Amino acid sequence: AQSVTQLDSQVPVFEEAPVELRCNYSSSVSVYLFWYVQYPNQGLQLLLKYLSGSTLVKGINGFEAEFNKSQTSFHLRKPSVHISDTAEYFCAVRPSGGSYIPTFGRGTSLIVHP
Amino acid sequence: GAGVSQSPSNKVTEKGKDVELRCDPISGHTALYWYRQRLGQGLEFLIYFQGNSAPDKSGLPSDRFSAERTGESVSTLTIQRTQQEDSAVYLCASSPTGTVYGYTFGSGTRLTVV
């Protein structure tokens, strides 16, 4: 079984500042990793994913994440946030083989202030 | 269709009544997932369908919950004798087989049990 921990329930930041949303996972097998964004009253949208290869993954809307196997982390970063980035962000993990059921973290609410 | 469609978008029901929630996946997506999202919580896995295989029901919280899917089309999640703790947003997602492509989510059904 795997688990996902998003260490921060809420991250307030000013517009144009950099941000990092933290995600740590636990798994006994190799995994694929995902970040999703959920805007108010909407479903989840895929931001980016790590499957293999380069540990730095770039996604939509200027976000990127770095897979760190030794620290079992997959932190999400953006160098300069916009008001429109205000949303809930979910980290997810699933085994690279076997079960296709992803496990999601509890989410981090990113609040961008003007 | 172009995306995953869920209906109704909102449902208010009286405690003890049965409810049916519907999910229309993307055409051609063989995998379908139901998740529950309680207020301020992460996504809780409920059930997974993969093609014509037996569904993985390991996440269903009680025997009041059941789900069906006909082939690779529409799925219905049924909650019998609803309780107030069933109040949540129920999210459906679909994906191609064995996905490494991520999951496409619907906008969810917000269920309120009064």
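Taking a probe of 1.4 Å and counting only protein heavy atoms, give the total accessible area buried between chains A and B in Å², rounded to the nearest 100. Write out the running numbers ahead of the final one.
Numbers: alone 6210 and 6130 Å², together 10680 Å².
About 1700 Å² of accessible surface is lost on pairing.
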Across region B:17-22, in residue order, what do the Karplus-derived ³J(HN,Hα) couplings come to in whole Hz, using 6.51 cos²θ - 1.76 cosθ + 1.60 with θ = phi - 60° and x for Gly and Pro?
7, 8, 9, 10, 10, 10
How about region B:39-78: which of its residues lose at least 20 Å² of accessible area in the presence of all protein chains relative to their chain isolated, using a 1.4 Å probe?
B:Gln41, B:Gly42, B:Leu43, B:Phe45, B:Tyr48
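If you roll a 1.4 Å probe over the protein assembly as shown with all protein chains in place, what percent of the accessible area is carbon or sulfur?
Looking at the protein assembly as shown in its full context, I get 48 percent from C and S.
Defining a contact as two alpha carbons under 8 Å apart and six or more residues distant in sequence, what relative contact order in percent does region B:10-89 show? Can you show the working numbers first?
On the way: 133 pairs, mean separation 30.3, N = 80.
Taking the mean separation of contacting Cα pairs over the length of region B:10-89, I get 38 percent.
Could you state the accessible area per residue of the protein assembly as shown in Å², with a 1.4 Å probe and every protein chain left in place?
Details: 10680 Å² over 228 residues.
Averaged over the residues of the protein assembly as shown, the accessible area is 47 Å².
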Leaving out ligands, DNA and RNA but keeping every protein chain, what accessible area does A:Val31 have, in Å² rounded to the nearest 10, with a 1.4 Å probe?
10
Could you tell me the relative contact order of region A:1-64? Use alpha-carbon pairs under 8 Å, at least six residues apart, and round to a whole percent.
23
Points 7 angstrom from Cα along the Cβ direction at B:Gln80 and B:Ala54: gap in nanometres?
2.0
Averaged over peptide A:36-44, how many Cβ atoms belonging to another chain are found within 10 Å of each residue's Cβ?
5
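The values are calculated or read from the model by the stated rules, or taken from the named source; none is laboratory data. Source: prediction; values computed, not measured. Every residue, glycine among them, receives a Cβ derived from its backbone with ideal geometry; neighbour counts consider all protein chains shown. In case anyone asks, the SASA skips ligands and DNA or RNA and just uses the protein heavy atoms, side chains included. Shrake-Rupley method; radii C 1.70, N 1.55, O 1.52, S 1.80 Å.
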